[in-house]
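A quick write-up on the structure given underneath.
Taken together, the values in this text are just the output of simple stated rules run on the coordinates, not laboratory data. These numbers were taken from a predicted model, which means no experiment stands behind them. Because the Cβ atoms are built from the backbone with ideal geometry, glycine has one as well, and the counts that use them run over all protein chains shown.
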Amino acid sequence: MINHSLVVLNSISGRKEPFKPINPNRVGMYVCGPTVYSNVHLGNCRTFITFDLIYRYLTHLGYKVRYVRNITDAGHLENDEDSGEDRIAKKARIEKIEPMEVVQRYTVDFHEILKKFNTLSPSIEPTATGHIIEQIELIKNIIKEGLAYEVNGSVYFNVLKYNETYDYGKLSGRKIDELIHNTRSLEGQSDKKNPQDFALWKKAGPQHIMRWPSPWSDGFPGWHLECTAMSTKYLGEFFDIHGGGMDLKFPHHECEIAQAQAINKKNPVKYWLHANMLTLNGKKMSKSTGNNILPLDIFTGKNDKFSKPYSPQVIRFFMLQAHYSSILDISEEALDASEKGYRKLIEALDNLSRCKPGVEIGEFNTNKWLKNCYKAMDDDFNSPLLIAQLFEAVKFINLVINKHQPIENSQLKVLNDMLPVFIYDVLGIDVVKKSSSRTEEKLNQTINLLIELREKARNNKEFETSDKIRDQLEKYGIYLNDGKGITKFTFD
Ligand code: AMP
Ligand code: ZN
């Protein structure tokens with residue numbers, strides 16, 4: 001299966017390149033994970049769904065993929081230019097809770113949301129705070145190479161010096177002179193020799209609650225450093241794919257390249273892949289501007305942006321209907337269209353199970369269709385093109401069901417074998433679980449209603465009714481447990 005002519009758009013060259021992993025049959029992929037200081041918004045989810053699609057397709061092709069996606073639980077300052085407070089520490093201060101409580105809360109939220117979108121777990125999910133020692137070692141090495149300097153307990157990467165030997169800005173296409181920006185005197189900024197320099201280690205102020213000892217000060221690592229530490233630790237000095245949202249190209253990924261190159265003297269990544277932004281009302285969805293929507297608010301319909309709820313699977317389908325490298329604007333119209341398309345696709349699966357093969361061949365070239373499906377995905381994971389092909393199959397299935405076209409055994413076999421594979425395995429649309437979880441939700445609501453009625457009956461001393469509810473439920477294998485002021489239930 002691996003013998004596919006997959007091409008990927010490499011952001012560093014700006015070109016589509018044949019995908020040839022460094023070690024045959026194995027792929028190492030690192031994706032920048034969330035900063036867990038708030039709930040993930042739908043924009044964040046687009047990036048993670050994109051890399052889920054890529055992970056799924058590479059796995060489907062037969063590659064053994066090691067997928068590393070980190071959790072940023074320290075070091076990400078309010079402004080990407082090394083200024084302001086640590087985002088997690090700030091949240092902890094405002095809410096008067098431990099920083100690790102903030103981290104736990106939003107890591108759990110992140111996992112729960114991604115599960116609803118049916119994304120697969122990465123192979124390793126390392127945290128920044130779990131790799132402080134590795135980050136300190138990297139800083140020591142960069143200082144040894146003469147490319148970092150210490151000022152007042154903080155350590156900065158010397159971008160100008162690095163640029164004498166290497167090319168800073170090659171990923172984002174920025175020129176070093178253009179980078180003389182933000183000369184405002186912000187906290188810690190004045191320590192830098194040049195405004196382009198970035199922090200590797202920051203000395204913690206007296207109020208700063210997240211701090212670790214280091215040779216330079218009690219402090220915390222710079223945001224860019226954790227990804228270099230974790231990607232090289234788990235995937236090596238040179239690995240296949242590095243991904244993240246387009247907005248991370250600069251400064252985050254540019255700095256990652258500089259750090260790794262400074263130490264190992266070689267380019268760390270073969271293919272850089274960047275997911276484009278999800279927009280709302282034409283503007284980037286982002287936490288800081290408030291122009292965003294939380295996944296749960298769209299699933300429940302409790303929001304002021306859309307008039308009705310949309311299921312996680314419809315939203316996933318909507319996202320996959322655009323190529324990951326294009327900007328995608330979310331709107332009620334677009335979601336409605338996706339919902340219709342999604343239903344049609346799922347209905348077709350049902351129709352397919354009812355198709356009876358005959359001796360006559362229908363007008364649908366299944367081999368060509370299969371080739372086209374793979375051609376779409378082999379062209380830089382082009383999910384919208386794959387979906388267009390799936391709808392070609394849907395059209396044919398519906399003609400067969402309505403007896404306008406015959407279908408022959410071999411045609412039916414290709415469709416039966418491959419349509420579910422593309423829908424479930426490659427696109428990651430999760431139909432079965434979705435319907436069962438909806439059923440479960442309805443069942444829970446019904447039992448809770450019966451519990452409420454039983455409670456009422458008991459309060460009115462109508463014990464015949466209340467006992468009947470409990471006994472009858474037990475017959476169905478549903479057991480009520482009366483606790484302090486609350487009745488819970490379990491199934492057998
Ligand atoms: P953060 O938690 O801010 O570090 O972001 C987590 C991931 O979400 C990063 O890869 C970002 O590039 C990505 N991201 C943030 N906003 C958007 C957006 N509007 N559309 C797509 N991806 C986004
Ligand atoms: Zn990163």
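Report the antiparallel proportion of the DSSP beta bridges in the chain as a percent, rounded to a multiple of 5.
50
Output the antiparallel fraction of DSSP beta bridges having both residues in the range 21-275, as a percent to the nearest 5. Mind showing how you got there, number by number?
Working: 13 of 31 bridges.
Taking every DSSP beta bridge with both residues in the range 21-275, the antiparallel ones total about 40 percent.
Mind ordering 378-387, 291-300 by average Cβ neighbours within 10 Å, highest first? Let's see the in-between values first.
Working: 378-387: 20.2, 291-300: 17.9.
The most tightly packed comes first, giving 378-387, 291-300.
Taking a point 7 angstrom from the Cα of residue 416 along the C-beta vector, which residues in the range 332-355 have backbone N less than 14 Å away?
Answer for this model: 350-355.
With everything on Cα atoms, drop me the angle between helix 431-459 and the longest principal axis of the chain, reported from 0 to 90° to the nearest 10.
Computed tilt is about 70 degrees.
Among the aspartates and glutamates, which fall within straight-line cross-link reach of residue 16, defined as a Cα-Cα distance under 16 Å, with same-chain neighbours fewer than 8 residues apart omitted?
Result set, ordered by chain and number: 240, 378, 379, 380.
With θ set to phi - 60° and the Karplus curve 6.51 cos²θ - 1.76 cosθ + 1.60, what are the ³J(HN,Hα) couplings of the range 131-143 in order, to the nearest whole Hz, using x for Gly and Pro?
9, 5, 4, 4, 5, 5, 4, 4, 4, 4, 5, 5, 4
Quote the FRET efficiency, to the nearest 0.05, computed for residue 445 versus residue 360 with a Förster distance R0 of 41 Å and r equal to the Cβ-Cβ distance.
0.25
Which shape class, rounded, prolate or oblate, goes with the range 21-275 when its Cα gyration tensor gives a ≥ b ≥ c as root eigenvalues, a/c under 1.5 marks rounded, and past that a/b bigger than b/c marks prolate?
Note, shape of the range 21-275 comes out oblate.
Is the range 437-491 best put as rounded, prolate or oblate by its Cα gyration tensor, with a ≥ b ≥ c the root eigenvalues, rounded for a/c under 1.5, and otherwise prolate when a/b is larger than b/c, oblate when not?
prolate
State which entries of 90/115; 233/287; 20/266; 96/284; 170/287; 91/284 exceed 25 angstrom in Cα-Cα distance in the structure shown.
90/115; 233/287; 96/284; 170/287
Assuming a ≥ b ≥ c are the square roots of the Cα gyration tensor eigenvalues, decide whether the chain counts as rounded (a/c under 1.5), prolate (otherwise, with a/b larger than b/c) or oblate. Show your work: numbers first, answer last.
Details: a/c = 2.44, a/b = 1.32, b/c = 1.85.
Since a/c reaches 1.5 but b/c is at least a/b, the shape of the chain is classed as oblate.
Work through the residues other than residue 356 whose Cβ is under 15 Å from its Cβ and net out their charges, Lys, Arg +1 and Asp, Glu -1.
For residues surrounding residue 356, the net value is 0.
Work out the FRET efficiency for residue 343 and residue 281 from their Cβ-Cβ distance, taking R0 = 25 Å, and round it to the nearest 0.05.
With a Förster radius of 25 Å, E is 0.40.
Once both axes come from the Cα atoms, what is the angle between helix 463-475 and the longest principal axis of the chain, in degrees from 0 to 90, rounded to 10?
With rounding to tens, the tilt is 80 degrees.
Using Cα atoms only, what is the angle between the long axis of helix 332-353 and the major principal axis of the chain, expressed in degrees (0 to 90) to the nearest 10?
50
Could you let me know the centre-to-centre spacing of the range 198-216 and the range 366-428, using Cα atoms, in angstrom?
55
If I model a spin label at residue 331 and residue 133 as a point 7 Å from the Cα along the Cα→Cβ vector, what separation in nanometres do I get?
For the pair residue 331/residue 133, the computed spacing is 5.5 nm.
Need one number: nm distance between label points at residue 392 and residue 471, each 7 Å from Cα along Cα→Cβ, rounded to one decimal.
Taking the two extended label points, one gets 6.4 nm.
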